[in-house]
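Worksheet: one structure, shown below.
The values are calculated or read from the model by the stated rules, or taken from the named source; none is laboratory data. Only a predicted model underlies this, so the values are computations on that prediction, with no experimental measurement involved. Neighbour counts run over all protein chains shown; Cβ positions are idealised from the backbone, glycine included. Note: accessible area is taken over every heavy atom of the protein model, side chains too, but ligands, DNA and RNA are not part of it. Shrake-Rupley method; radii C 1.70, N 1.55, O 1.52, S 1.80 Å.
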Amino acid sequence: MKIALLSRNKTLYSSRRLIEAAQERGHEVQVIDVLRAYMNVTSHKPSIHYKGEELTNFDAVIPRIGASVTSYGAAVLRQFEMMGVFPLNESVAITRASDKLRSLQLLSRRGIGLPVTVYANKPDDVKDMIDMVGGAPLVVKLLEGTQGIGVVLAESQKAAESIIEGFMGVKANILVQEYIKESKGADIRCFVVGGKVVASMKRQGPEGEFRSNMHRGGTASTIRITPEERSTAVRAAKIMGLNVAGVDLLRSNHGPVVMEVNSSPGLQGIEETTGKDIAGMIIEYIEKNSKFGKTATKGKG
Ligand code: ADP
Ligand code: MG
């Protein structure tokens, strides 16, 4: 097969591993920096150009689209879909997942467990908003944040009010969320490929830190997940329409709750922690499933 890897940097661990796994299995991989691809979006015969040449004859495309390039990256991926190239994850699904609010709404309507979450643009009554999540302690999150930055724990009512008002004052988009204290600074990353959790790990924040992000000094270890956690992760990925997803769960008193669903989950942490060949599983999924024109939307979404 000829596979396009949409990645801004081919030296990153995840990109390197996917290239390696594909080549080991006899496939050809071309890395494409999405921001440098250009396309005639009005032509009847959709095409993509890159470094002066037309991209042709691809069988599959692996999008590794970061938060910063979601909109343009999704457009390039959509163009591949219009050309009939099989996407590992579809552009519509990636766009859904990149929007925290939309994701929570989609998951909640299908009955997935979630921390009680309130969103507001310009609330007249911050106290009522705080009451809606059960009062302090609570978590305030910047909608645009990643890697734990912009996720704040407000321990008291007063702290909650001033943090929310502070964020509102600078016109930041925020979520206010029930604090799942019983998860004790840990979360569970479930790596889903093709409707199965193929690997999972527990991430634990350092002493005194409620955020478990590796970028915030968290450490990862293997974990046995429960059947309920497994089915929650699989269902969450399916609802989002993602073939490959990193589903982050918290263990709450009322069962597993989904915190986020990532459409380009990193491979380094999960492969190093579990010793599994996740990149190989992804390539095998593509081998079994890729077919010309096989997308749910063909770029129509
Ligand atoms: P980011 O997108 O920046 O990673 P997250 O929503 O994943 O933001 O939050 C970062 C970390 O903070 C999570 O991995 C988790 O450990 C912790 N956390 C987030 N929300 C909650 C919550 N409602 N209750 C308890 N811990 C939370
Ligand atoms: Mg996170």
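Within straight cross-link reach of Lys51, meaning Cα distance under 12 Å, which aspartates and glutamates are found once same-chain residues fewer than 8 apart are removed? Lys51 reaches Asp33. The alpha-carbon of Lys276 sits under 20 angstrom from the alpha-carbons of these lysines, leaving out residues fewer than 8 places away in its chain: Lys196, Lys202, Lys288. In the range 2-88, Cα pairs under 8 Å separated by at least six residues give a relative contact order of 33 percent.
Each label point was placed 7 Å from the Cα along the Cα-to-Cβ direction; for Glu182 and Leu143 their separation is 3.1 nm.
What the Cα atoms of the range 182-285 give is an Rg and a Dmax of 12.9, 41 Å. When the square roots of the Cα gyration tensor eigenvalues are ordered a ≥ b ≥ c, the ratio a/c for the chain is 1.5 or more and a/b exceeds b/c, which makes its shape prolate.
Counted without the sites themselves, the longest stretch of the chain free of GluC sites (Glu not before Pro) in a DSSP loop having at most 14 other beta carbon atoms within 10 Å is 1-143. Accessible area of His27 (1.4 Å probe, protein heavy atoms only, ligands and nucleic acids ignored): about 30 Å².
Among Asp59, Asp277, Asp125, the residue with the largest mean-square fluctuation in a Gaussian network model of the chain, with springs joining Cα atoms closer than 10 Å, is Asp125. Estimated from helical segments only, the mean residue ellipticity of the chain at 222 nm is -9500 deg cm²/dmol, where each DSSP H run of four or more residues counts as -39500 (n - 2.57). Taking 30 Å as the straight-line reach from the Cα of Lys158, the lysines in range (excluding those fewer than 8 positions away in the same chain) are Lys100, Lys122, Lys127, Lys141, Lys171, Lys181, Lys184.
Measuring max minus min along each principal axis, the C-alpha atoms of the range 124-170 give extents of 28, 20, 16 Å (largest first). Accessible surface calculations at 1.4 Å, restricted to protein heavy atoms, place the range 117-179 at 52 Å² per residue. For the range 181-264, trypsin sites (Lys or Arg not before Pro) meeting the loop criterion (DSSP other than H, G, I, E, B) and having at most 16 other Cβ atoms within 10 Å: Lys184, Arg224.
Our compactness index for the range 2-88, the C-alpha radius of gyration over the empirical 2.2 N^0.38 Å, is 1.03.
To put it simply, the accessible area of the chain at a 1.4 Å probe is 48 percent carbon and sulfur. Site pair Leu12 and Ala67 shows an inter-label distance of 1.3 nm when each label is modelled 7 Å from Cα along Cα→Cβ. The slack between Glu20 and Gln105, meaning 0.36 nm per residue of separation minus the straight C-alpha distance, is 26.9 nm.
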